[in-house]
Amino acid sequence: MKKILILILIIAPTNLFAIEKTTNFTFEKFQKANDEGKTVVVNSWNEWCTVCAAQTSIFEEAKKDFSDFEFFFYEQDKNKEIAEKLNIKFWTTIAIYKNGKEIAKEIGLDKKEDIYNLLKKGI
């Protein structure tokens, strides 16, 4: 049985483990949300990152629970200019902005309670 499972994993398409997440971040939308006084959440991700995949499912729920927040996501490796401008060095980073200022930043959170506690800093 183990040999069959290993064989399936070896021949399975490599995109089987990729997360489905898109980049919706633009500097224009980011600035507009800040100008409107919204709490802004920025999450950097990478296609092959398991922590990023866990964050994705938690953020889907968080968007409903924190409906007055603006959520932006971007792929770290393909959007270096965003990472550089926001001083985000690692994927899995969650940064919270209020009134245009960063008020919290964490890396690698993958549990709902931890992510929600971070998001609550923006209330």
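Of all the criteria given as (1) modelled with pLDDT of 95 or more; (2) farther than 18 Å from Leu119 by Cα; (3) acidic (Asp, Glu), the one not satisfied by Glu70 is (2). Exactly one of (1) at pLDDT below 95; (2) under 20 Å from Thr39 (Cβ atoms); (3) surrounded by 14 or more Cβ atoms within 10 Å (Cβ to Cβ) is unmet by Lys112. Its number? Of (1) at pLDDT below 95; (2) under 20 Å from Thr39 (Cβ atoms); (3) surrounded by 14 or more Cβ atoms within 10 Å (Cβ to Cβ), only one is false for Lys112: (1).
The values are calculated or read from the model by the stated rules, or taken from the named source; none is laboratory data. Keep in mind that this is a model prediction, so the values were computed, not measured. Cβ atoms come from the backbone with ideal geometry, glycine included; neighbour counts cover every protein chain shown.
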